[in-house]
Amino acid sequence: MQIQKIQLQHFRNHTHSEMTWSDDINLILGHNGAGKTNIIDAIHYLCMSRSFAASSDQYVIEHNHSFFKIDGWLSGSIRSEFKVTCSYKRGEGKKIWVNDSPLDRLTDLIGMVPVVVLSPQDRKLTAEGPSERRSFLDSMISQQSKSYFRDLLDYKKVVKQRNAVLSNYGLGESGKDHFLEPWDEQFCRLAARITLKRARILKQFAEFLEEVYQKIASLHLKPRMEYKGAMSISDDDDNEMTEEQLTEIFEKQLKADYKKERDRQYTGVGPHRDDIIFWLDDIELRKYGSQGQHRLFALALKMAELFYLTEMLDDLPIFLLDDVFGDLDPQKVNLLFEMLDEHNGQTFVTAANPDVFETVSDAVKKRIKWYNVEEGIITEKNYVDV
């Protein structure tokens, strides 16, 4: 998948910006605050209908304006050429068009333009709470499986309805039992499917993670992942559980936890509560890993995601790297670009200092198209002018 051209209107500090991109490596240079991240965040909108850097659409509108609009012209293996438009206006919300036809649901965009993002925020994956790791896994799986994404959306609705029943004091205990029954049936079935899919994908993904981590870290430590939930499984566990068996486990858990859930007024078990534990040999990374181990593990996760989706999808994912070179020594920068050299898809890289790329091989430099951003203005550069 490639994005050929993009147009931005009132998107962060880009009043009116337009640029045609290389289908290879696009390196976007500029000082902090110039608008580099804004460009690849706009590309992320065209892929996932949301920002990877802001918590709300309203925060990416240019100051003193009421809307933003992003137009992207793309091409891929499944769709030869098509246009995606994303717009947001205060009071009206967000809309997505594909070839000027509105999508009925924003979620229909997911998987159409696969994308992987590597940014400094990825440190949250290893250092913070379970929601970060669930979000990472759900996003990766949803881009390759429409059925999983539909199950995930349905599951969230069911949990919301169960919680509403549990928190309704007016129903009484018998009333809650009556209204929970149909939601419980859906909950157990969806929870089983989601959990099984996550566990199976993690087992496949583990091979990619181990290979990438060994290249990056050059250490004799094996990365390992353990899924913690109703079904606890590690990436080297060969035990298989059927959907029916896991559904029964969830049914038993709901019955056992009913009084606790009624008191706390929320659903306390299920995929929305599960976690993925990261290990280096016998070291639990979140609790005992060094800062360097956290940084390299997060980097390996995202590179592994890139190669995993490349293997699984018909269209190559677009790869976005936002300001990730500041903490890497020259050897790691070269290793990262060597791995990028294995990726035949389109890549966007932002950086404040071009000097970090001095040691990159001439073969890789020939693949790079150079750009400069200054106060929201994008200009194409030759390497010698950078």
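What follows is calculated from the coordinates using simple rules that are stated; it is not laboratory data. Since this is a predicted model, take the numbers as computed values, not measurements. Heads up, the Cβs are rebuilt from the backbone with ideal geometry, glycines too, and the neighbour counts pull from every protein chain shown.
Assorted remarks:
- Translational diffusion coefficient (Stokes-Einstein; Kirkwood radius from C-alpha pairs) of the stretch 267-386 at 10 °C, 1.306 mPa s, in µm²/s: 93
- Sequence-separation-based contact order of the stretch 12-137, relative, with Cα cut under 8 Å and 6+ spacing, percent: 19
- Magnitude of the charge dipole for the chain, about its Cα centre and with charges confined to Cβ atoms of Lys, Arg (+1) and Asp, Glu (-1), is about 1180 debye.
- Positive contributions from Lys and Arg (+1) and negative ones from Asp and Glu (-1), summed over other residues with Cβ under 9 Å from the Cβ of ASP281, come out at +1.
- Rg then Dmax, both in Å and based on the Cα atoms of the stretch 163-232: 20.3, 61.
- Environment charge of SER135, counting only residues whose C-beta is closer than 11 Å and scoring Lys/Arg +1, Asp/Glu -1: 0
- Simple point charges give the picture: +1 on the Cβ of Lys and Arg, -1 on the Cβ of Asp and Glu, and for the stretch 123-312 a dipole about the Cα centre of about 820 debye.
- Ellipticity estimate at 222 nm from DSSP helix runs (n ≥ 4, -39,500 (n - 2.57)) divided over the chain, nearest 500: -14000 deg cm²/dmol
- Equivalent ellipsoid of the stretch 148-286: semi-axes from √(5λ) of the C-alpha gyration tensor, largest first, are 36, 15, 12 Å.
- The overall shape of the stretch 1-106 is oblate: from the C-alpha gyration tensor, with semi-axes ordered a ≥ b ≥ c, the ratio a/c is 1.5 or greater and a/b is no larger than b/c.
- Per residue, the Cα convex hull of the chain amounts to 155 Å³.
- When the listed pairs LYS5/LYS302; LYS160/LYS222; LYS83/LYS146; LYS176/LYS197 are checked against a 27 Å cut-off, the alpha-carbon distance exceeds it for LYS160/LYS222; LYS176/LYS197.
- Mean separation of Cα contacts under 8 Å, 6 or more apart, over the residue count of the stretch 70-153: relative contact order %: 16
- Two tests apply to each whole DSSP H helix in the chain, Cα reach of 15 Å or more along its axis and mean Kyte-Doolittle hydropathy of at least -0.5, and the ones passing both are 36-48, 172-217, 291-312, 330-342.
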